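Below is one structure, written out as structure tokens, with a few remarks after it.
The values are calculated or read from the model by the stated rules, or taken from the named source; none is laboratory data. If you're wondering where the values come from, they're calculated on a predicted model, not measured in any experiment. Every residue, glycine as well, gets a Cβ built from its backbone with ideal geometry; the counts of neighbours run over all protein chains shown. Ligands, DNA and RNA are stripped out before the accessible areas are found, and what is left, the full protein with its side chains, is counted by its heavy atoms. Shrake-Rupley method; radii C 1.70, N 1.55, O 1.52, S 1.80 Å.
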Amino acid sequence: MQAALMQVVTVTGRLAGAAAAAALGLAVVAGGVTALARYLFGYAVPDGFDLVRLTGGIAACWGIAAAIAADELIRIDVARALPRPLAAVVAVLGGAGALAGAVLLARSGVLGTDLLLRSGETTADLQLPLWPAHLVMAAGLVVAALLALLRLLAPVEGEGDKTT
Amino acid sequence: MIDGGIAALGGFGGLFLLALLRVPVGFAMLIAGLGGIAALIGVDPAAAVAVQSPLRTLTGYDMLLIPMFIAMSALANHTGLGRELYTAGHAWAGRARGGLGLATILASAGFAGICGSSVASTAAMARVALPEMRARGYAPGFAAGTVAAGGTLGILIPPSLVLALYGLLTEQDIGRLFVAGLVPGVLAVALYALTVTLIAGRRPEAAPGGAPAGRAERFASLRGLWAVAAIFLGIIGGLYLGVFAPGEAGAMGALAVAAVGLIRGRLTLAAVGGALTEAARSAASVMVVLIGALVFGYFLALTRAPQLLVQALTETGLSPWGVMAAMLAGYFLLGCVLDTLAMIVLTVPITYPVAVALGFDPIWFGVVVTMTVEIGLITPPYGLNVLVLNTIARDVGLATIYRGVAPFVAADLVRVFLICLAPGIVLWLPSTMG
Amino acid sequence: AGQAVRFAHWVPTTHALHQGVEDWAKAVTAESKGTLEVQVFPAEQLGKARDHYDMVASGIADLALVVPGYTPGRFPVVSVLELPFLVPSAAQAAAPFDSWYRPLAPREMPEVTYCLGIVQEPGILHSRKPVVVPEDVEGMKLRPGSALVGRLFASMGASAVSISAPEAREAAARGVIDAATLAYGTLVSFGLDKVLNNHMDLPLYSVPVLYLANTRWYQGLSGDARAAVDAHCSVADAVRQSTAWGDWERAGRGVLAALPNQTFTNPDAAQRALWAETGKPFRAQWIADAGAKGVDGAAALAELEAAIAAAAPPVPR
Ligand code: NA
Ligand code: NA
């Protein structure tokens, strides 16, 4: 059962990682191209600012899902030194905190999209609605919350962060 | 209404309790911050912050430099730029006594110029420099210590994730912070090189010279260098002249690294995919920390605790430098057990207003804090660079690496002292910006 | 001390708007006879600039400074000030605008309570080469002061380059931009006058900056507290704030006029008519957008224009 759950986490995490990587690639290309176009040709890509910002946001939301699947969020790991039974309790508490945080983010994504849908906020130049991009972000954050739940149900020691 | 000072203490208490229970640092800050806001001004406003703030952080244009610079580092790693740098360092400095150590420091410095993260720098150099040094008969502790210390240059020499995070938290100009990190970075390289030379002089058997490189080999190695040098100069020059925003610099840097990889024939689809996936995940984990830090910062602002603390400190009559020395000593000690990024987001909201109120320059403070927390990457028991190195070189014990790294910690402390003595080392270059 | 009141804004403490907020906070605190203590949270201390409307709606702040233009598409009615050639000066448009929007605010911003609206001193065109008629801007690379003014100049064949005002100086020096729209004081404070030394004395557009209050907080006020807030959420305060900021901006023109190498162009009546023509599509668009919010756009716009035309121009300095 636990192995099956972890399998789901691994596969979903990989898909989320691929989505995040694609969005990040797009954000990098859009960011580089808009800056070069502006500097070299004095040409402002219409909505370049919002395009970079929103693709970056999508990369971050799906990246959070992938990072939760891989248990890569930054932690203070002094609990490593604890005796086994206590460490197991702390691991569950840590997982519950991760779930709570991920649920908060998912709520932010969903309610934020709803707010934009109602307010009619648009991009600056082309006046395109903002909510579709936010819907894609919200989906990533909901997946992140589900992954945090599955991880809590099937606890396995992760590797911790590798970011600094 | 609850007293601000007590609310702030409660908030920090809750935050550290959650963090010690292995709740991810960003989520611990988010939960503690929201709880504090709810207690201070009500549940409805807290619920509203919980909706607005995370999304604004995730889609903020200024925040983009985090994924951009991480993508650049990952692409540099996946396209083998680290090896080219090491080859060049080896060809030019390898022959001297302790030459491979010097080569490692120089290559680390070069790699730091296109990589904002210390762990990525350490990992890249460990794979190329460590085997060479070991094969030449270097003492394992010295070899590993050199790589771990060289890795800390990753966040000291711009671009730097830690300086960027400091800028985002304090609303300081990140371009200016990067420019300010340049001269101290050069000073760090010089002091590390001096450390290597001194050790090699005292213990020649621990650091023998390398094979001599011919003229042709030396100049051939430069062909590998120009690309990294051009990218670094492009980024820092662009920020120095104010031509582009830091996020754009990161994006163009990432594209430039990819272009170099393409020219060298190493930019496979697998390399791009791997680099971007890795970058997206680690950028996301930094973004989570930032989300939490901003919400916790709103809570702290509501308590007015920073103002209260500044007032209390002014009334104790301690001299500004006394307070600064105490803060830096605190950072050094915290660095023994805490993660670098976590330390920045947990403490800067309190220390920054104090430093500014005492008359310290915000840019100088950012650089000196970055340097002090960076030492934590190589101090026991939790020295992330050492731990990463240990997973790559399994046969060198942790204690051996920590012993090997000790002289470099001393060099770091000397550098922090020099920068307190002469703040101009940090402030001169940015003062010449437009 | 009285009840703590949180006034949130996003500008740094060096900005003219911050001084206005500080003055307002002091006046309200003093007149509340000890019932209120207005605390200012500057520089995004409580949230990002774009979020200030939602922050005051949800009660994170009791009062906040809000620029509706930061959330394009959300508040079309109040954005009337961005329409080309509508506002001749902040001082002249301040009272008409505040009196005009005050009854419309509950319809467009039902989540909050309107306190007052500041009119920003109009931006004018500063360029490398002199400009008097619309066709002079063809091919120019321009840093616009608002999204709408960017679209306006794009319609005349210029291209809009969105960069922040601090970045604009370097961009102008390197030829990345050859024009920008700003008020005079801001132009001088960013040092842009060195390269963009031709100024067309035709007010182009303005931007509204609002003081908004949390409705539950406002309705909970009574006695001295309510009286103090009402006294300063008034047309008179809107005029005072707009004029003070406008005076600072217009002082910049005096600074430039005293310098050599600065050229001021002044389109004549026929040339002004050509400029007015370029603004027409945007007026039609605004009338439609206001209609979607349940406001008779054509009548409302005519009413505002008549009120501004009837108001006194600022005292020359
Ligand atoms: Na670096
Ligand atoms: Na440490």
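Report the FRET efficiency, 1/(1 + (r/R0)^6), for residue C:15 and residue B:135, where r is their Cβ-Cβ distance and R0 is 41 Å, rounded to 0.05. Please list the in-between numbers first.
Numbers: r = 61 Å, r/R0 = 1.49.
E between residue C:15 and residue B:135, to the nearest 0.05, is 0.10.
Express the Stokes-Einstein translational diffusion coefficient of chain B in µm² s⁻¹, to the nearest whole number, given a Kirkwood radius over alpha-carbon pairs, 4 °C and a viscosity of 1.567 mPa s. Let's see the in-between values first.
Details: Rh = 22.2 Å.
Estimated via Stokes-Einstein, D reaches 58 µm²/s.
Cysteine residues of the protein assembly as shown whose Cβ has no partner cysteine Cβ closer than 4.7 Å: A:61, B:115, B:336, B:420. Taking amide H as placed 1.01 Å from N in the peptide plane, residue C:38 has its amide H under 5 Å from the amide H of C:5, C:29, each at least 5 places away in sequence or on another chain. Mean partner shielding of peptide C:70-76, defined as the number of other chain Cβ atoms within 10 Å of each residue Cβ, is 6.
Each eigenvalue of the Cα gyration tensor of the range C:252-317, multiplied by 5 and square-rooted, gives one semi-axis; in descending order these are 33, 17, 12 Å.
Antiparallel versus total DSSP beta bridges in the protein assembly as shown: what percent is that, nearest 5?
Values: 20 of 35 bridges.
Approximately 55 percent, going by the DSSP bridge assignments.
I'd like to compare C:206-219, B:207-220: which one has the highest average count of other Cβ atoms within 10 Å, and what's the full order after that?
Details: C:206-219: 21.5, B:207-220: 14.3.
Result, highest mean first: C:206-219, B:207-220.
Going by average Cβ density within 10 Å per residue, which order do the peptides B:339-347, B:309-317, B:100-108, B:190-198 take, highest to lowest? List each step's numbers first, then the result.
Values: B:339-347: 24.6, B:309-317: 12.3, B:100-108: 29.2, B:190-198: 19.2.
Most protected by this proxy first, the peptides run B:100-108, B:339-347, B:190-198, B:309-317.
Sequence neighbours fewer than 8 away in the same chain don't count; with that in mind, list the aspartates and glutamates whose C-alpha is under 19 Å from residue C:194. Candidates past the 8-residue exclusion: C:167, C:170, C:178, C:249.
Assuming charge only on the beta carbon of Lys and Arg (+1) and of Asp and Glu (-1), the dipole of the protein assembly as shown about its Cα centre is about 2780 debye to the nearest 20. For the range C:181-229, the solvent-accessible area works out to 31 Å² per residue, with a probe of 1.4 Å and every protein chain left in place. For residue C:265, nonlocal amide neighbours, meaning residues 5 or more places apart or on other chains whose placed amide H falls under 5 Å from its own, are C:199, C:200, C:201. Percentage of Cα-Cα pair distances in the range C:215-288 greater than 14 Å, rounded to whole percent? The calculated P(r) of the range C:215-288 puts 79 percent of pairs beyond 14 Å. Here the simple spin-label model places points 7 Å from the Cα toward Cβ, and for residue C:274 and residue A:2 these points are separated by 8.0 nm.
Volume per residue for the range A:102-147 equals 53 cubic angstrom (convex hull of Cα atoms). Principal semi-axes of the equivalent ellipsoid, √(5λ) from the alpha carbon gyration tensor of chain C, are 34, 22, 18 Å from largest down.
Per-residue shielding of C:142-152, expressed as the average number of other chain Cβ atoms within 10 Å of the residue Cβ, stands at 2. The average projected area of the range C:103-170, computed from the convex hull of its Cα atoms over all directions, is 6.9 nm². If you plug the beta carbon distance of residue B:314 and residue B:216 into 1/(1 + (r/R0)^6) with R0 = 45 Å, you get a FRET efficiency near 0.10. For the range A:1-46, a drop of 30 Å² or more in accessible area on going from the chain alone to the assembled protein chains (1.4 Å probe) is found at A:21, A:24, A:28, A:32, A:35, A:38, A:39, A:42, A:44.
Dipole magnitude for the range B:4-431: about 1300 debye, using +1 per Lys or Arg Cβ and -1 per Asp or Glu Cβ, origin at the Cα centre. Once C-alpha pairs closer than 8 Å and six or more residues apart are averaged by separation and normalised to the residue number of the range B:161-311, the relative contact order reads 22 percent.
State the extension gain, in nm to one decimal, for the chain segment bounded by residue C:4 and residue C:37, taking 0.36 nm per residue of separation less the distance between their alpha-carbons.
Working: separation 33, 0.36 × 33 = 11.88 nm, distance 0.49 nm.
Roughly 11.4 nm would be gained on extension.
Between A:67, A:20, A:141, the Cα set farthest toward the positive side of the dipole of the range A:6-164 (charges on each charged residue's Cβ, about the Cα centre) is that of A:67. Building the convex hull from the alpha-carbon atoms of the protein assembly as shown and averaging its projection over directions returns 38.8 nm². Bridgeable aspartates and glutamates around residue C:26 (alpha carbons under 14 Å apart, same-chain partners fewer than 8 residues away excluded): C:37, C:237.
What does the convex hull of the Cα atoms of the range A:1-153 come to per residue, in Å³, rounded to a whole number? The partial results should precede the final answer.
Values: hull volume 17.4 nm³, N = 153.
Enclosed volume per residue, from the Cα hull, is 114 Å³.
Could you do me a favour and compute the accessible area per residue for the range B:90-134, 1.4 Å probe, result in Å²?
Solvent-accessible surface per residue comes out at 26 Å².
When Rg and Dmax are taken over the Cα atoms of the range B:1-42, they come to 10.2, 32 Å. Label-to-label distance for residue A:126 and residue B:392 is 4.3 nm, based on points extended 7 Å past Cα in the beta-carbon direction. Using the Cα atoms as the points, what is the convex hull volume per residue of the range B:64-222 in Å³? In the range B:64-222, the Cα convex hull volume per residue is 102 Å³. Legend: Rg and Dmax of the range C:1-83, from Cα coordinates, 13.7, 44 Å.
Considering the convex hull of the alpha carbon atoms of the range C:38-108, report its projected area averaged over all viewing directions, in nm², one decimal.
Details: hull surface 23.4 nm².
So the Cα hull casts an average projection of 5.9 nm².
With a 10 Å cut-off around each Cβ of B:237-250, the average count of Cβ atoms from other chains is 4. Just so you know, the Cα atoms of the range B:128-197 work out to an Rg and Dmax of 15.3, 49 Å. Between B and A, roughly 5200 Å² of accessible area is buried in total, ligands, DNA and RNA not counted and the probe set to 1.4 Å.
The accessible surface of the range B:4-431, taken with every protein chain in place and a 1.4 Å probe, is 69 percent carbon and sulfur.
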